Amino acid sequence: MPFKKLLLAAALATAAVTTQAHADALDSIMKSKVIKIAVPQDFAPFGSAGLDLKPQGYDIDMAHLIGKELGVKTEIIPVTSANRIPYLQTNKADLVISSLGKNEEREKVIDFSIAYAPFFSGVFGTKAIAVASAADLKGKTIGATRGAIEEQALTALAPDATVKRFEDNNATIAAFVSGQVDLIATGNTVAAAIAEKVPARAPALKFVIKDSPCYVGLNKNEPALLAKINEVITKAKASGEIGKLSEKWLKAPLPPGF
């Protein structure tokens, strides 16, 4: 065989081996009996340090659920928003479960599972207040933080609503907790924190303003691993396990249609 053809054949063989090895992440996990999952360490209730300094939260429970379903040990790797994707790309982690939203830029470098956790902005209020859409806000006062996504979206959705704007999130929360406003436009994680600290004013979701659910991130070209993670999430939704995680950590049922 001519030298150039020999080199080409060798290169193609190496590429094939590399592709095969890269595409066998699930096989490697099953053989090692360990799955390395990057989780948040600074974003409660998805992931933070508990009183025992061990990671706790929605994402940590989801990571352990995946390990259990795969029948392997879950190795928890704490990360921040800044380094969670680099940890995946450098193979320090097999998966990222870190309140990760999907966008075009991220989709260029990693793949995403189906959604496993709700993350959204909405209008919340006590159960006694009957509101189901922006049209029902007439005659109600809604607290919102000036310049926040929720405040801007609410202004567009309900231009005739009575929106009381506050300069920071703490002031907005305080206004709702004290009853200065009937409703609050905020994120579901903030609503969960209010529900935990002030049960008497626990905010129930009235309607969603902006939906940005969380997905499991994994390296590209891992079809077997992606299919397996989607299978686990689908099963957990059907069994009610993900609903339990939402009730436990977000203090609310899963939103309709999730």
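Counting only strands (runs of 3 or more DSSP E) wholly contained in the stretch 49-163, the ones carrying 1 or more residues that are more than 30 Å from residue 181 (Cα to Cα) occupy 73-79, 95-100, 110-117.
Table: residues versus (1) in contact with a helix residue (DSSP H, G or I) (Cβ under 8 Å, 6 or more places away or on another chain); (2) farther than 17 Å from residue 132 by Cα.
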| site | (1), (2) |
| --- | --- |
| 159 | no, no |
| 164 | yes, yes |
| 168 | no, yes |
| 175 | no, yes |
| 190 | yes, yes |
| 199 | no, yes |
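Within the stretch 110-128, which residues are under 21 Å from residue 223 (Cβ atoms) and either out of contact with any helix residue (DSSP H, G or I) (no Cβ under 7 Å at 6 or more places or on another chain) or loosely packed, with under 13 Cβ neighbours inside 10 Å (or both)? Selection gives 112, 115.
Against the conditions (1) touching a helix residue (DSSP H, G or I) at 6+ places or on another chain (Cβ under 8 Å); (2) of a type in the set (Ser, Thr, Tyr); (3) farther than 19 Å from residue 234 by Cα, residue 81 satisfies every one except (1).
Residues in the stretch 85-109 that are closer than 10 Å to residue 219 by Cα and of a type in the set (S, T, N, Q): 89, 90, 91. What residue, among those in the stretch 107-119 that are farther than 20 Å from residue 240 by Cβ and touching a residue at least 12 places away in the same chain (Cβ under 8 Å), is farthest from the chain's Cα centre (by Cα)? Checked the stretch 107-119; the qualifying residue farthest from the chain's Cα centre (by Cα) is 109.
Would you be able to tell me the number of residues in the stretch 158-206 that are of a type in the set (Gly, Ala, Ser) and under 24 Å from residue 43 (Cβ atoms)? Selection size over the stretch 158-206: 10.
What helices (runs of 4 or more DSSP H), lying completely within the stretch 166-258, carry at least 3 residues that are modelled with pLDDT of 95 or more, over 26 Å from residue 106 (Cα atoms) and not assigned by TED's automatic domain parsing to the domain that holds residue 37?
On the way: elements: 169-177, 188-197, 223-239, 241-245.
So the answer is 169-177.
The values are calculated or read from the model by the stated rules, or taken from the named source; none is laboratory data. Here the structure is a predicted model, which is why all the values come from computation and not from measurement. All Cβ positions, glycine included, derive from the backbone under ideal geometry; neighbour counts span all protein chains shown.
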